[in-house]
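Each reported figure results from applying straightforward, stated rules to the coordinates on display, with no laboratory input. Worth saying up front: this structure is predicted, and the values here are computed from it rather than measured. Here the Cβ is made from the backbone with ideal geometry for all residues, glycine too, and neighbour counts use every protein chain on show.
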């Protein structure tokens, strides 16, 4: 059984993981943001008022798949048990990102756009200030936890 007490070795490992997570997150941000803006751009021609929600959903799907692959290979890449099912981790990853990106980001987007009058093109960037640390904690201690 692993010793999960907080010590210097665990601290160093967590900091390195957070830095790697940040790198993956930066690329995820680009992928998510590009999909988000692409959908907003395409739907803006139709006159729908919920274009930013559809953009968040498209960004969510693309970003979650991107993050799962790279977090599994690069950030939380500890040796797996033989026969360990990656689909369990993928499902948990979608739950984590579903909570933070779909629920939290849409609530925040509504607030930024409709209450504070912030551009729907800038709102996804503000959402990241909350979702990135929350995603790291939930991924490290739940989705990819051994």
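A few notes on this one:
- For region 36-78, a residue qualifies if it is crowded, with 17+ Cβ neighbours inside 10 Å, free of Cβ contacts under 8 Å to residues at least 24 places away in the same chain and over 22 Å from residue 90 (Cα atoms), and the qualifying residues are 39, 43.
- Failed condition for residue 19, given (1) surrounded by 13 or more Cβ atoms within 10 Å (Cβ to Cβ); (2) without any contact (Cβ under 8 Å) to a residue 60 or more places away in the chain; (3) over 14 Å from residue 128 (Cα atoms): (1)
- Reported count of residues in region 120-146, each being in contact (Cβ under 8 Å) with a residue 12 or more places away in the chain and either closer than 22 Å to residue 49 by Cα or in contact with a strand residue (DSSP E or B) (Cβ under 6 Å, 6 or more places away or on another chain) (or both), is 7.
- Region 90-119, subset surrounded by 19 or more Cβ atoms within 10 Å (Cβ to Cβ) and touching a residue at least 40 places away in the same chain (Cβ under 8 Å), residue farthest from the chain's Cα centre (by Cα): 109
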